[in-house]
Structures are given as C-alpha cells and as structure tokens.
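The values are calculated or read from the model by the stated rules, or taken from the named source; none is laboratory data. Owing to the predicted nature of the structure, the values given are computational and were not obtained by experimental measurement. Heads up, the Cβs are rebuilt from the backbone with ideal geometry, glycines too, and the neighbour counts pull from every protein chain shown. Side chains included, ligands, DNA and RNA excluded: accessible areas come from the protein's heavy atoms. Shrake-Rupley method; radii C 1.70, N 1.55, O 1.52, S 1.80 Å.
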Amino acid sequence: MKLLLRQIIPALFFIVFTLMSCTAESKTYPVSSPDGKIAIQFKAVKGELFYSVHKEGKQILFDSRLGFTFTKGDTFNKNFKILKTETSVFDKTWEQPWGESREVRNDYKELKIFLQETKGHKRYLNIIFRVFNDGYGFRYEFPEQPNLKDFEIAKENTEFHFAKQSNAWWIPAYKEAYYESLARYTTFSKMDTVCTPLTIETGDGKYLAIHEANLTDYAKMNLYPKDSVTLACDLSPWSNGIKVYATAPFVTPWRTMIIAENINELVTSNIMLNLNEPSEIIDMSWIKPGRYMGIWWEIHLEKYTWSSGPKHGATTTNTKAYIDFAAANGFSGVLVEGWNVGWDGDWTKNGLSLDFTKAYPDFDIKEVTDYAKSKGIELIGHHETAGMATHYQDQLDNAFGFYQGYGVHVVKTGYVNPKLDNKELHDGQFAVRHYRKVVETAAKYHIMIDNHEPVMPTGIQRTWPNLMTQEAIRGQEYDAWATDGGSPPDHTTVFPFLRGLAGPMDFTPGTFNFENPTRKDTRVRTTIAKQLALFVVVYSPLQMASDAPENYRGVRAFDFIKSVPTTWEKTVIPDAKIGDYAIFARKDRNSENWFMGCITDENARELSLNLSFLDKNATYIAHIYSDGEGANWKTNPTAVKYEEKEVNSMQIIQVALAPGGGCAIHYVKKK
Ligand code: NOJ
C-alpha cells in the first residue's frame with residue numbers, strides 16, 4: 001500500500017501540475033540544466049510571451065516579458081500561438097587556442113519554441129533557450145517567411161523580472177564614452193541605464209550576471225530599471241533612433257545570465273563563449289598570445305609626442321632600443337604609436353588625414369621591422385582612426401596588406417571620438433558591423449587585433465580567435481592624465497568581476513615608476529607588488545608591460561613579468577570580495593607551474609591563501625613578490641619583498657598587503 005501511494009502521489013502531482021500548466025491560455029514549456037538545478041519555463045499568456053527562472057526550487061526571475069516593437073508602432077509581442085516546441089541536449093568539450101582555460105565544456109539542454117501571430121500578418125518568431133549548469137542564454141530567431149522580410153526594430157521588449165531587488169555593480173550606458181567608467185554599486189532602483197555585463201550580488205554570497213553573447217549584426221543591449229525588480233532591455237540606437245535594421249532570416253544575440261553559487265563560478269563561467277560559433281579560422285598557427293612593450297606610456301606621460309617634432313617618440317632609433325630590451329627579456333612584440341603621418345595638431349580631429357601607410361621621416365619601417373625580425377621580435381602596428389570608421393573601412397585591405405608586407409601580425413586599432421563617423425554610437429549596429437568587418441579583414445592578412453574604444457566584447461573571439469584583446473575599460477592610461485588624478489585603488493578589485501566577464505582586457509599594467517613629471521597630481525595608485533599581481537588578475541592574451549625599459553632595468557620584480565604567461569591551462573578564484581580584494585590563481589599551459597595574483601583596495605589587509613588548487617602529493621617552490629616594509633601606494637609604492645618558500649596543496653599561507661598593494665606568486669613544481 002505504502003509503495004502504491006509512493007507511486008500514485010507523485011503521479012497525481014504530475015497530472016495536476018500538467019493540467020494546471022495546460023490551460024488554454026498559459027501552458028508552460030519547461031527546460032532545465034543538465035544537472036536539473038536550473039529550470040526555465042516559457043509560456044504564452046493571452047498571446048503574450050514570458051519566461052521565468054528557478055534554481056533548486058528558488059525563484060530567480062518571475063514571468064519576464066519577451067518580444068519586440070518594430071517601427072511605425074508595429075508590435076511583435078502579442079497574439080502569438082505556439083505551433084510546436086523542440087528539445088535537444090548537447091555536451092561537447094572544445095579547446096581554446098588561447099584563453100583563461102584550455103578546455104571548455106559546452107553542456108546544455110535546449111528548448112526551441114516555434115510561434116506564429118494569430119492575427120494580422122500571421123508572422124513567425126522562434127525563441128531558443130539553452131540552459132547550462134551555471135546559467136542560461138536565449139535568443140530570438142526570425143525565420144524566412146512570406147510576411148516578414150526587411151524590418152526595423154524600435155524596441156526589444158526583453159525583461160528580467162527578479163524575485164527580489166538586489167545590489168548590483170554597473171557602469172552607465174551612454175554617459176561616459178567607451179565604457180571607460182568607474183563602477184557604481186547600488187540597488188536596482190537607483191541604477192541608471194546601465195551597460196552589461198551587470199553583476200548582481202543576491203545577498204547570500206551568490207551572484208547573477210546579465211550580459212549577451214554573439215553580438216554580430218545588432219545593437220548592444222543596455223538595461224534600465226523599469227521598477228525596483230524589473231530590468232528592461234534598451235538597445236543602443238542608430239543616430240536616427242532606429243535600433244536595428246534586419247532582414248529575415250535573422251537571429252539576435254543571446255541574452256545571458258550567469259547564476260553562480262560563488263565568485264569562482266561567476267568568473268569561470270563559459271556561457272558567453274559557448275554561445276558563440278566555433279572558429280572560422282582553420283589554420284590558427286599564426287595566432288599567438290604574447291607579451292609586449294611599447295612606445296606608448298611615455299607618450300601618455302608627455303615625455304614624447306605622437307606627432308613629429310623634437311619630442312617625437314616613434315623614431316627608428318628609439319624603436320630599436322625598445323626592440324633590444326624586449327628581445328633581451330623574452331617579449332614578443334613592440335607597439336609603436338605615432339610612426340605614421342597625421343598626428344600633428346589635434347589628432348582627435350584628424351581622422352580623415354591619419355595615414356595608415358606613410359611614415360614620418362624619422363621612422364624607417366623597413367629598417368625597424370628587419371631589425372625586429374633579426375632579434376625575434378615583431379612590430380605591433382597601430383591604426384588610430386579618430387573614429388572615422390567608414391574612411392578606415394575603405395582602406396582596410398591596403399592598411400592590413402601594408403603591415404603584412406612588413407611581417408606585422410598584431411595591430412592595435414583605436415577610435416578616439418565619442419561617435420563613429422561623428423554620428424554613430426560605438427555600440428550601435430553600425431559600430432558592431434564595422435568592428436566585425438575589421439576583424440574578418442584582418443584575419444585574411446593573418447593579423448591579430450587589439451581593439452581600443454570597441455563595442456563591449458561578447459565572446460566573438462571564439463569565432464574569430466584573431467580578436468585577441470580589447471579595451472572597453474578605464475585602463476591604466478588614466479593614471480597618467482585623468483583630471484581626477486587616476487583610478488582609485490579599488491577600481492582593480494571591481495572590474496575583473498564586471499567588465500572582465502566580457503573577455504580579455506588591454507588594461508596595460510606594469511608601471512614601476514610612479515612619479516609623473518608633467519602632471520604631478522596624477523599617479524598610478526598601486527604598489528609595485530600590485531602591478532605584478534595584475535598580470536595574473538587581469539586577463540589579456542596580449543599583455544602589455546607598459547613602463548619604459550629604464551624603469552625595469554635591474555629591478556628584481558621585473559622577473560615576475562618576464563615569467564608570467566598570457567594563456568592558461570585553467571583558472572580558479574580561491575577568494576575575492578568585489579570592491580575589496582581578489583585572489584586569482586592560474587595554471588600555465590606549458591608547464592606544471594601556477595601563478596597567483598592577490599590585490600587589495602585602499603585598505604591594507606592580511607589574506608589567507610588556500611593552496612588546494614595545487615597538485616596533491618607535490619611540492620612547489622613559491623617565488624613570492626609582496627609589499628615590502630612600509631609599502632603604501634601613496635607614500636612608498638616601490639617597496640617590494642621577494643622570498644622563496646616550499647609549499648604544498650595542504651597549506652594555507654598568509655600574505656600581508658599594503659594599502660593599494662598586492663602580492664604575486666609563481667609556484668614552480670619541484671621535479
Ligand atoms: C586611446 C587608447 O586607449 C590609447 O592606448 C592610445 O594610445 C590612444 N588612444 C592613441 O591612439
């Protein structure tokens with residue numbers, strides 16, 4: 001009898017649940033993560049579209065709206081009926097050519113819903129949900145159909161209706177150019193219109209992060225608080241106000257949410273990468289991560305100029321000296337900015353005359369690249385466009401072909417101008433199309449891209465692995481000239497958990513000299529030990545050591561920069577508190593060694609480092625670079641202590657971080 005009841009009661013529940021969810025108006029269509037913990041339910045209520053999200057029975061999102069409004073008041077979010085649904089499962093592991101981990105498991109369950117309008121043009125729309133163990137993504141698909149061909153999106157109605165209001169880390173959309181903002185931390189209702197990634201602390205040590213994946217021919221998604229628990233999508237518009245021009249068949253980017261149990265899951269989630277297409281580049285032998293230096297920081301410090309004249313930085317002689325130093329210290333490239341004609345006067349207004357193939361007379365590109373080659377170094381090219389995207393796009397083949405002829409394999413692109421072509425946003429559909437065109441064209445010439453002033457990254461590097469790194473961050477250059485004196489020490493304890501979720505960042509750490517002779521009120525607000533730690537915490541497959549050779553010569557701490565890789569076997573975050581401190585550990589791809597970066601905000605603190613990520617039954621020599629006696633970002637940034645210790649995975653070691661300080665450790669496995 002007991003057995004019978006045990007079988008009957010769940011069956012009854014199932015029938016009641018199914019009946020409840022099958023009422024004509026609101027039948028629900030569920031899909032769950034492979035481990036069954038995250039559950040999404042889709043439903044159409046009186047023809048309007050909604051989805052909700054649970055994790056382990058706990059509501060994360062209540063019914064949240066889906067759909068579109070086209071231009072001319074044409075709504076595409078009601079009167080829908082569900083034609084059919086399809087479910088599928090997927091589980092494959094793929095390898096990244098470079099990245100924060102070698103292997104990426106792509107393991108999800110998919111639900112595809114086929115919809116049709118019941119009135120008017122009877123147009124079709126499909127929605128695809130993919131649920132992973134650490135979150136989900138969904139996208140809209142406009143299939144080929146007789147009554148929808150060319151259309152214009154005036155609004156995407158996607159919403160996130162949370163079960164409760166939480167605190168979130170964010171940067172504003174629209175207000176501060178190029179995403180070069182300091183993060184804010186507020187409740188939902190105090191948020192502006194914000195960019196994604198948006199990182200939410202749910203108050204129980206868990207995290208949610210909303211972003212998007214595979215932004216290919218669409219506008220960037222921003223979010224605004226519709227009320228204290230609902231965040232609604234706001235697409236970056238074209239200058240005429242239209243959000244997106246589309247022609248069916250057409251798909252939108254994926255809207256993604258990481259649902260993380262802890263900070264490690266938040267940072268190591270691969271949902272964004274998994275929702276991009278596999279590589280379009282088959283032969284990737286020319287795509288190589290590396291470490292570079294450049295004629296750059298000294299320009300920002302105004303010791304040199306981009307333009308010609310007595311302080312011109314990009315001279316043949318100067319570049320050769322950089323090449324000598326880079327070669328002697330195991331770097332792969334030297335960036336040179338300002339070698340090409342067009343920087344004189346206010347270069348930010350010179351977009352149409354910045355020349356991509358003509359050198360200033362004191363820079364001989366042939367001599368420089370021949371010399372670099374003889375030393376095993378490559379010149380890193382530079383295309384500053386001052387935002388004149390169309391002008392640049394018209395010359396792309398020429399410009400990349402020119403560099404290719406000189407053996408250049410990396411080009412840093414730049415778009416300093418709040419509007420592209422003086423009118424379009426950096427993250428509207430115009431910009432998205434332009435940046436993609438650049439990456440695809442660069443690939444034809446075997447050129448890797450470091451894109452400054454880009455659209456916020458969305459994982460395109462899976463498809464185009466020559467898109468190495470991007471800015472979209474308030475980089476260390478601000479510490480040379482920002483009117484507020486430079487970024488506060490807690491900036492670096494926030495952005496790895498916010499902008500960092502969108503992919504590699506060309507933050508340019510590596511300052512060893514903290515005095516700025518031209519602008520005494522600015523400085524890099526860290527210690528040297530923290531600068532070292534940033535090489536581990538901030539991921540970039542092309543990582544710049546930004547200071548001048550003279551500041552590295554003879555400094556012991558420079559050994560850490562020389563040894564730290566730029567592509568990793570795996571990454572773990574043993575501990576962090578956003579805005580206060582962060583500990584990142586990463587295993588080298590080409591050895592058994594690990595590297596660790598620990599950073600703090602303006603407060604000194606002791607951190608306990610749990611070494612359980614190291615191989616069991618192995619011993620490592622830890623080469624520890626920590627803040628020296630009396631170190632302090634303000635008064636004594638250069639005091640660094642070096643020590644070696646034998647450690648193993650059972651240990652918890654203590655490190656003391658100075659105000660604005662850090663600690664960098666290289667764990668070398670003993671044979
Ligand atoms: C802004 C970039 O972020 C910086 O790295 C570059 O030096 C200047 N533009 C000039 O292109």
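Okay, here's what the table says:
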| quantity | calculated |
| --- | --- |
| Candidate set from segment 493-505 (those that are buried (at least 23 other Cβ atoms within 10 Å of the Cβ) and within 16 Å of the ligand (Cβ to nearest atom)); member that is farthest from the chain's Cα centre (by Cα) | Phe495 |
| Selection status of Gly485, in a loop (DSSP other than H, G, I, E, B), away from the ligand (no atom under 16 Å from the Cβ), at positive phi and over 19 Å from the mean Cα position of the chain (by Cα) | yes |
| Lone qualifier among Tyr642, Tyr620, Tyr667 - being under 30 Å from Arg523 (Cβ atoms) and either in contact (Cβ under 8 Å) with a residue 24 or more places away in the chain or under 28 Å from the mean Cα position of the chain (by Cα) (or both) | Tyr642 |
| Top-ranked residue of segment 429-453 - restricted to ones that are within 16 Å of the ligand (Cβ to nearest atom) and not aliphatic (A, V, I, L, M), ranked as farthest from the chain's Cα centre (by Cα) | Tyr435 |
| Pairs with Cβ under 6 Å, 6+ apart, first in segment 299-310 and within 16 Å of Trp481 (Cβ to Cβ) and of a type in the set (Asp, Glu), second away from the ligand (no atom under 12 Å from the Cβ) and open to solvent by 50 Å² or more (accessible area, probe 1.4 Å) | Glu302/Thr518 |
| Residue that is charged (D, E, K, R), open to solvent by less than 10 Å² (accessible area, probe 1.4 Å) and out of contact with any His (no Cβ under 6 Å at 6 or more places or on another chain), where the choices are Asp421, Asp427, Asp450 | Asp450 |
| Restricting segment 278-303 to residues that are more than 22 Å from Arg105 (Cβ to Cβ) and open to solvent by 40 Å² or more (accessible area, probe 1.4 Å), the residue that is nearest to the chain's Cα centre (by Cα) | Lys288 |
| Those residues of segment 166-195 which are small (Gly, Ala, Ser), open to solvent by 30 Å² or more (accessible area, probe 1.4 Å) and over 20 Å from Ala576 (Cα atoms), in sequence order | Ala177, Ser189 |
| Residue that is farthest from Asn318 (Cα to Cα) [pool: residues in segment 351-360 that are in a loop (DSSP other than H, G, I, E, B) and touching a strand residue (DSSP E or B) at 6+ places or on another chain (Cβ under 9 Å)] | Gly351 |
| Residue, farthest from the ligand (Cβ to nearest atom), within segment 367-393, restricted to residues that are over 27 Å from Ser285 (Cβ atoms) and of a type in the set (A, V, I, L, M) | Ala389 |
| Which listed residue is over 15 Å from Ile259 (Cβ atoms) and open to solvent by less than 40 Å² (accessible area, probe 1.4 Å), from Leu215, Leu198, Leu208 | Leu215 |
| Odd one out for Leu275, checked against (1) within 16 Å of Glu212 (Cα to Cα); (2) over 18 Å from the mean Cα position of the chain (by Cα) | (2) |
| Single unsatisfied condition, Thr348 versus (1) more than 14 Å from the ligand (Cβ to nearest atom); (2) in a helix (DSSP H, G or I); (3) open to solvent by 10 Å² or more (accessible area, probe 1.4 Å) | (1) |
| Answer from Val341, Val334, Val251 - the residue that is in contact with a Gly (Cβ under 8 Å, 6 or more places away or on another chain) and among the aliphatic types (A, V, I, L, M) | Val334 |
| Subset of segment 321-345 (residues that are at positive phi and either more than 27 Å from the chain's Cα centre (by Cα) or within 15 Å of the ligand (Cβ to nearest atom) (or both)) | Gly338, Gly342, Gly345 |
| Evaluation of Asp490 against (1) touching a strand residue (DSSP E or B) at 6+ places or on another chain (Cβ under 6 Å); (2) away from the ligand (no atom under 16 Å from the Cβ) (one fails), failing number | (1) |
| Verdict on Thr256 being more than 16 Å from the ligand (Cβ to nearest atom), buried (at least 23 other Cβ atoms within 10 Å of the Cβ), within 30 Å of Val53 (Cβ to Cβ) and of a type in the set (Ser, Thr, Tyr) | yes |
| Residue within segment 454-476 that is in a loop (DSSP other than H, G, I, E, B), within 16 Å of the ligand (Cβ to nearest atom) and among the acidic types (Asp, Glu) present | yes |
| Those residues of segment 394-418 which are within 16 Å of the ligand (Cβ to nearest atom), surrounded by 17 or more Cβ atoms within 10 Å (Cβ to Cβ) and in a loop (DSSP other than H, G, I, E, B), in sequence order | Tyr415, Asn417 |
| Residue within segment 360-372 that is surrounded by 19 or more Cβ atoms within 10 Å (Cβ to Cβ) and within 28 Å of the chain's Cα centre (by Cα) present | no |
| Hits in segment 369-421 (condition: in contact with a strand residue (DSSP E or B) (Cβ under 7 Å, 6 or more places away or on another chain) and acidic (Asp, Glu)) | Glu378, Glu384 |
| Entirely in segment 46-132, the strands (runs of 3 or more DSSP E) that have 3 or more residues that are within 31 Å of the chain's Cα centre (by Cα) and in contact (Cβ under 8 Å) with a residue 60 or more places away in the chain | 48-55, 58-66, 68-70, 103-117, 124-132 |
| Some residue of segment 549-558 being open to solvent by less than 10 Å² (accessible area, probe 1.4 Å), outside any loop (DSSP other than H, G, I, E, B) and closer than 28 Å to Arg462 by Cβ | no |
